[in-house]
Amino acid sequence: MPANRSLALVVRTVDVFETSLVVTLFTRELGKVAALAKGGRRLKSPFQGGLDLLGVSDIVLLPKASESLDLLTEAAPVERFPCLRRDLAALYAGYYIAELLTDLTDYHDPHPKLFDAARITLRHLGDPGLRARRVLRFELACLREIGLMPVLDRCAHCGEPLGDEDPLAFGPATGGTLCPACRPGHPHVMSASRRTIEGLRALASPGDAWREMGMGGSELATVRQTVGAVVSHVLGHRPRVWPFLGV
């Protein structure tokens, strides 16, 4: 089979044998792939530093016909994110992005828009004022790309427009907001203020509305918990990096 070339974000590395690595890469053209990097642990690695965790590299893969690991033959560094080296909170946010890409996507299922979103988010995690909002936008981008973005402008069950009630019913397991008529009988439904839902809409929308949201720390924390409930439901567990994320 011919070799494949793509940009890739290194989201996981595992030491194997004495000198090699198994790497999980989220690539722009090929989706998530797992590959063996022979000699990747050597002091003078043939991969020229292209296997650094949370770095973007230009990689060449030799795919295998069976279910065995692909073979990584080249990995040259393209972009590193300095803020991850000097800011612990930014680094944890980067780990969280890697966890979402690893756990929410399937192997060999390309999502170029999600790759671009991850790269842009990693570039700007050094801004503490907007870090939480950028991570939230990335979470929502993940949900949108895998087809599980919650409904925020109508009832997820019957499709009717939402009324003027406040708070609103929000079901992580039922696909989003629910009208009063549809709320009974649905398990694990939480209450979300209208302001929280409006914040989610702004974060999920294109443009700069998410930057201009007039939300304080406590309000943003509520949005954070609401999105986290959806992500945890989709994963079947709370993300491992979750306890280390700040608002």
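Here the contact order of the chain, divided by its residue count and restricted to Cα pairs under 8 Å and six or more residues apart, works out to 15 percent.
Computed from the C-alpha gyration tensor, the three semi-axes of the ellipsoid equivalent to the chain are 38, 20, 14 Å, from longest to shortest. Under a model in which nothing but the beta-carbon of Lys, Arg (+1) and Asp, Glu (-1) is charged, the chain shows a dipole of about 600 debye around its Cα centre. Remark: the stretch 94-163 projects, on average over all directions, an area of 6.2 nm² (convex hull of Cα atoms).
Placing unit charges on the Cβ atoms only, positive for Lys and Arg and negative for Asp and Glu, gives the stretch 141-186 a dipole magnitude near 200 debye about its Cα centre.
Can you figure out the FRET efficiency of Asn4 with His233, using R₀ = 41 Å and their beta-carbon distance, to the nearest 0.05?
Here the calculated transfer efficiency is 0.75.
Within the stretch 174-247, what whole-number % of the accessible surface is contributed by carbon and sulfur, with the 1.4 Å probe and all protein chains included in the calculation? Ligands and nucleic acids excluded, carbon and sulfur reach 54 percent. Does the stretch 1-121 come out rounded, prolate or oblate, given a ≥ b ≥ c as the square roots of the eigenvalues of its C-alpha gyration tensor, rounded meaning a/c under 1.5 and, failing that, prolate meaning a/b above b/c? Judged from the Cα gyration tensor, the stretch 1-121 comes out oblate (a/c at least 1.5, b/c at or above a/b). The residues of the chain have, on average, 49 Å² of accessible surface per residue, using a 1.4 Å probe with all protein chains present. In order along the stretch 43-53, phi translates into HN-Hα couplings of 4, 9, 5, x, 9, 6, x, x, 10, 5, 4 Hz, rounded to whole numbers, per the Karplus curve 6.51 cos²θ - 1.76 cosθ + 1.60 with θ = phi - 60° and x for Gly and Pro. For Arg211 and Ile120, the difference between the fully extended length at 0.36 nm per residue and the C-alpha to C-alpha distance is 31.3 nm.
Across the options Pro150, Pro128, Phe138, the greatest Cα extent toward the positive end of the charge dipole of the stretch 111-158 (unit charges at beta carbon of Lys, Arg, Asp, Glu) belongs to Pro128.
Take the Cα of Met190, go 7 Å toward its beta carbon, and none of the backbone nitrogen atoms of the stretch 86-108 fall under 14 Å from that spot.
The value of relative contact order for the stretch 78-214, using C-alpha pairs under 8 Å at least six residues apart, is 18 percent. Inter-part distance, the stretch 1-65 to the stretch 145-212, computed on C-alpha centroids, equals 39 Å.
The values are calculated or read from the model by the stated rules, or taken from the named source; none is laboratory data. Because the structure is predicted, anything quoted here is derived from the model rather than measured. Cβ atoms come from the backbone with ideal geometry, glycine included; neighbour counts cover every protein chain shown. The accessibility values were calculated without ligands, DNA or RNA, using every heavy atom of the protein model including side chains. Shrake-Rupley method; radii C 1.70, N 1.55, O 1.52, S 1.80 Å.
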